[in-house]
Amino acid sequence: MDDVIAIFISKYNFWIYISLMMIGLYAMITKNNLVKKIIGMNIMQTAIILFYISIGAKKDATLPIILHGHGNHDVAHAVHAADYINPLPHVLMLTAIVVAVATLGVALALALKVYNQYNTLEEDEIYAQIRKQ
Amino acid sequence: MSEHYPALIIVIPLLTAFVIIGAGWFRKDICFPLALVSLTAALFVSIGLLLEVLEHQQIQYKLGGWKPPFGIAYEVDHLNSIVLLVVFGVALINLVATRALAAVEFSDRIGPFYALYLLFVTGLAGIVVTGDAFNLYVLLEIAALTGYALIGMGKGHAALASLNYVFMGTIGASFYLLGIGYLYLVTGSLNMADIAGLLPQLYTSKAVLIAFVICMTGLFIKMALFPFHTWLPNAYSYSPNSTISLIAPLTTKVMIYVMIRITLFVFTPTFAFSSPMVNTAFVWTAAGGIIAASMLALSERRLRRFLTYVLIAEVGYMVGGLWLANRAGITGAILHIINDAAMTLCVFLVAGNLIYKLKDDSFKDLQGLFRKMPLSMAAFVVAALSIIGVPPTCGFFSKWYLISGGIAAGQYLFVAALVFSSLINVVLFFRVIEISFFEPFSDHHHHDEEDTRSSSEAPVGMLIPVLLVAAGLIVLGIFTGDIVSMIIQFAIPEGIT
């Protein structure tokens, strides 16, 4: 039992991202309202962004900014990578956030078009209308 | 100049897209020539790249001069130079062929349409040319987002179909991103060649296995392999006619290229093909997909919708071909990327021509078409023969490689699925040909003689590209030996026999 709890606590970032991702997927699969599905999609994307950000973190590390690093001082030899959190995943996620925002925009625009066409965002009502035609 | 080709191939369509958005505000008639010029230039660059690859084996382009693995590298080898040529060839032919259709469908939005068109091609070309796993994700989303927009502009239930495509596409891309995340976690690198070099010590790691499984799941959703195909038929059958013949031939094919790239050049065959059980499982999934999609195609009564199911069956061919894990199978899969792009382009262009004339594509409207549109239907027959797999059309040769690969690997279920799918295709296409060969039942005497006799072929501008592609199917078939011996055999890693 202690082992399980130890695994759970030591890898808590993974549990958080997996639960968030499953919440998002669940919403996308089961929700009837299209906007709720879009929200689920966004939660899923955010979960993956959080996963990336968490893997850049290190114990007892600080921001990846070298103090007094500017100017002509030769500071390269003094940098210990272990003292700084890894900034690369964070930078990657800036791009992923932009992608997520763009996807959200396109999805909402399409939802608007769907609403104008069928006067509803509930999937079962839309399919009922389609079947009637 | 020529050393910048790998970057130019992205930059030319990307910048032109933005120029077109601006120009479209002032002059609508300038959008098409701009798109035409930029895609022609990009096609010439891709031919230049192919010739350079034939000479130097591999080209590496460091964006901004940053050395990989720190910077993003664009790498062109035999595998992606041929896929690049396919992407730009299809995009250019379709641009010319659908000019009249696009003018009808997007009369007031022609600027945004051509801008999205070029951005879509940019995304696909970027996916093919990049050597960086994360860069691939970003370009994947560029291609996908523009694809959603292009499909969503259609009539009927296009918006709803496109929204469902957004959901599935986002799940697929997110899974790919997650898989790359796990790879980054264990290797600390995003450059594909660098990851491939670092992985061998980590093959036993569970994280690598998870990364592989998640990446493949994401890609299977994106390429619409059978159980994950549900988004494709609706999205493709409601999309505008001028975009479908761009999206249908390219999207699934480029995703299959990504699968081949990730499997053979990131995870490498030693890891990916290490377990015969896994190979068999993938091949059986593909075989099941081929059979199921062929059966589903039988029940459709509309031309474009039935073609989408044929497309899903073709995806199974290529996935199965890769997982046969032998040289013949993978040759067949890569060859089929080229051939299937050409075949799909041909049938969807013909469908576009028919819809331009008939305004509808249900089977009952096709009656008497051979008399009305003899040349378009001739192109359709050639493409049908190619999809069925009749020599000397190109479809026969890729199917030949796939079947001989299947026999060599002992995967007789896959061979049976291929043969079965060919038979179903015979039924499917000859049904269409039969319907369109005979006149409608209506009484001829009451009709105006002029009306039934006169040929009402599509405009010349739409017809010539279709006939060119149809002739190309036979030319591709005749030169299959050269394509395989000069390009494809170098695209497959040494270790695979």
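Observations
- Cα centroid of the stretch B:128-204 to Cα centroid of the stretch B:242-313, whole Å: 16 Å
- Choice from A:50, A:34, A:110 showing the highest fluctuation, given a GNM over chain A with Cα pairs closer than 10 Å: A:110
- Cubic angstrom per residue, convex hull over Cα atoms of the stretch B:361-404: 81 Å³
- Reciprocal of mean inverse Cα separation for the stretch B:135-186 (Kirkwood radius, Å): 11.9 Å
- Nearest-20 debye value, the protein assembly as shown charge dipole, Cβ charges on Lys, Arg, Asp, Glu: 700 debye
- Across chain B, the mean sequence separation of Cα contacts (distance under 8 Å, 6 or more residues apart), normalised by length, yields a relative contact order of 15 percent.
- At 0.890 mPa s and 25 °C, Stokes diffusion of the stretch B:264-381 via Kirkwood alpha-carbon radius, µm² per second: 152 µm²/s
- Ellipsoid semi-axes for the stretch B:164-317, based on the Cα gyration tensor and the rule √(5λ), read 32, 17, 12 Å when sorted largest first.
- Per-q log10 I(q)/I(0), chain B, q = 0.09, 0.10, 0.14 Å⁻¹ (Debye; single scatterer per alpha-carbon; no solvent): -0.58, -0.72, -1.46
- Translational diffusion coefficient (Stokes-Einstein; Kirkwood radius from C-alpha pairs) of the protein assembly as shown at 10 °C, 1.306 mPa s, in µm²/s: 62 µm²/s
- Inter-label distance, nm, simple model (7 Å from Cα along the C-beta direction), residue B:298/residue A:32: 3.6 nm
- ³J(HN,Hα), Karplus 6.51/-1.76/1.60, whole Hz, each residue of the stretch B:487-497, x for Gly, Pro: 10, 5, 5, 7, 7, 9, x, 4, x, 7, 9
- Where trypsin sites (Lys or Arg not before Pro) fall in DSSP loop in the stretch B:334-378, at most 16 other Cβ within 10 Å: B:359
- Estimated dipole of chain B in Debye, rounded to 20 [Cβ of Lys and Arg +1, of Asp and Glu -1, Cα centre]: 640 debye
Read-outs: derived from the displayed coordinates by stated rules, not from any lab. On a predicted model such as this, the values are computed, not experimentally measured, just so you know. A quick note on method: Cβ atoms are made from the backbone with ideal geometry, for glycine too, and the neighbour counts reach across all protein chains shown.
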